[in-house]
Amino acid sequence: MTLLFDENLSPKLVSTLADIFPASVHVDRAGLGSADDNDVWKFAQQNELTLVSKDSDFHEKSLLHGYPPKVIWIKRGNCTNKQIEFLLRSRAEQIHDFINDKEAAFLILL
């Protein structure tokens, strides 16, 4: 269950969530820190990654193009890294089910 964290999320999430989402990566570490959304989308697609973002653009792209990649949209305002980590940890089972669902394209986490 490999996740690709968008630039609007902390790179620290990769290490703090490694126990439940191993081999995840942040766009900065993948050399995509200043890349446009299309490049990030293609990278996630080519590497079979589930894209995690607070940006509605990827949700909209998912509606238009389907998947891959799958998209997890964290639909929250300003929040701390700890709050994001808690949200992802508390919804880990739901996220794993979503990733394994052959028909689901996106997941919204509130």
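Every read-out reported here was derived from the displayed coordinates using simple, explicitly stated rules and does not represent laboratory data. The model shown is predicted, which means the values in this text are computed figures rather than measured ones. Positions of Cβ are generated from backbone atoms using ideal geometry, with glycine treated the same way; all protein chains shown enter the neighbour counts.
What is the distance in Å between the Cα centres of the stretch 43-84 and the stretch 92-110?
So the separation of the two Cα centres works out to 11 Å.
I'd like the FRET efficiency for Ile99 and Asp39, computed as 1/(1 + (r/R0)^6) with the beta carbon distance as r and R0 of 30 Å, rounded to 0.05.
Computed FRET efficiency for Ile99 and Asp39 comes out at 0.85.
Take every Cα pair under 8 Å in the chain that's 6+ residues apart, average their separations, divide by the length, and report that relative contact order as a whole percent.
Normalised by residue count, the contact order of the chain is 27 percent.
Over 18 Å between Cα atoms, which of Lys42/Lys70; Lys75/Lys102; Lys12/Lys42; Lys12/Lys61; Lys12/Lys82 qualify?
In this structure, Lys75/Lys102; Lys12/Lys42; Lys12/Lys61 exceed 18 Å between Cα atoms.
Peptides 43-55, 14-26: what's the order by average Cβ count within 10 Å, highest mean first?
With the highest mean Cβ count within 10 Å placed first, the list reads 43-55, 14-26.
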